[in-house]
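Heads up, the thing below is written out as structure tokens.
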Amino acid sequence: MQEQHLFEYAVIRVVPRVEREEFINIGVILYCPKQAFLQARFKLDVARMAAFCSELDIDCLKDNISSFERICNGDKHAGAIARLDMASRFRWLTATRSTVVQPSKVHPGLCLDAELTLTKLFEQLVG
């Protein structure tokens, strides 16, 4: 029987007007240290975003998501944060912030396969 491994994840949300606390889930980030796994998946439905908040700068949002992904992946050209170890990058990316792109609280779980778990969570929480 395979051993289950502890993982942590957060849902990534777009919060166009922070003061209203309304959001749309656009991604999931998952970290599993035993499997040396840190990945994020995103789905940006531009039409849905425009309907949700017409004044949202979609190009800026795309840039923010790209930066998030590059840091998550440890892209050496993405700045000092991206050069940190996986655990530190995950903690930085999931830290509470008042910006348009926000993580949920971090949730733990157990998994056999981190990539499969990320796929399942993404399908359940983002669609």
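Could you grab me the full set of residues in the range 56-86 that are touching a strand residue (DSSP E or B) at 6+ places or on another chain (Cβ under 7 Å) and over 12 Å from L44 (Cβ atoms)? The answer is C72, M86.
For every residue, the table says whether it meets (1) modelled with pLDDT under 95; (2) among the aromatic types (F, W, Y); (3) over 17 Å from the mean Cα position of the chain (by Cα); (4) surrounded by fewer than 18 Cβ atoms within 10 Å (Cβ to Cβ).
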position: R17; (1), (2), (3), (4): yes, no, yes, yes
position: F23; (1), (2), (3), (4): yes, yes, no, no
position: V28; (1), (2), (3), (4): no, no, no, no
position: Y31; (1), (2), (3), (4): no, yes, no, no
position: A50; (1), (2), (3), (4): yes, no, yes, yes
position: E55; (1), (2), (3), (4): yes, no, yes, yes
position: K62; (1), (2), (3), (4): yes, no, no, yes
position: N73; (1), (2), (3), (4): no, no, no, yes
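Once the range 1-15 is narrowed to residues that are closer than 17 Å to L56 by Cα and hydrophobic (A, V, I, L, M, F, W, C), the residue that is surrounded by the most Cβ atoms within 10 Å (Cβ to Cβ) is I12.
Quick grid of which residues meet (1) part of a loop (DSSP other than H, G, I, E, B); (2) farther than 15 Å from L118 by Cα; (3) touching an Asp or Glu at 6+ places or on another chain (Cβ under 9 Å):
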site: Y9; (1), (2), (3): no, no, no
site: E22; (1), (2), (3): yes, yes, no
site: L30; (1), (2), (3): no, no, yes
site: Q39; (1), (2), (3): no, no, yes
site: L61; (1), (2), (3): no, yes, no
site: S67; (1), (2), (3): no, yes, no
site: K76; (1), (2), (3): yes, yes, no
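I'd like to check something: does the range 55-76 contain any residue that is under 23 Å from E21 (Cβ atoms) and touching a Pro at 6+ places or on another chain (Cβ under 8 Å)? Yes - at least one qualifying residue is present in the range 55-76.
Taking residues in the range 72-98 that are free of Cβ contacts under 8 Å to residues at least 24 places away in the same chain and within 20 Å of Q35 (Cβ to Cβ), and partners anywhere that are in a loop (DSSP other than H, G, I, E, B) and among the β-branched types (V, I, T), the pairs with Cβ atoms closer than 9 Å and at least 6 places apart or on different chains are R91/V106.
From the set of residues in the range 82-126 that are in a strand (DSSP E or B) and under 14 Å from the mean Cα position of the chain (by Cα), which is surrounded by the fewest Cβ atoms within 10 Å (Cβ to Cβ)? Once the filter is applied, the top-ranked residue is H107.
For the condition out of contact with any Leu (no Cβ under 6 Å at 6 or more places or on another chain), within 18 Å of G127 (Cβ to Cβ), surrounded by 13 or more Cβ atoms within 10 Å (Cβ to Cβ) and at pLDDT below 95, F42 does not qualify.
The values are calculated or read from the model by the stated rules, or taken from the named source; none is laboratory data. This is a predicted model, so every value here is computed, not measured. Positions of Cβ are backbone-derived with ideal geometry, glycine not excepted, and every protein chain shown enters the neighbour counts.
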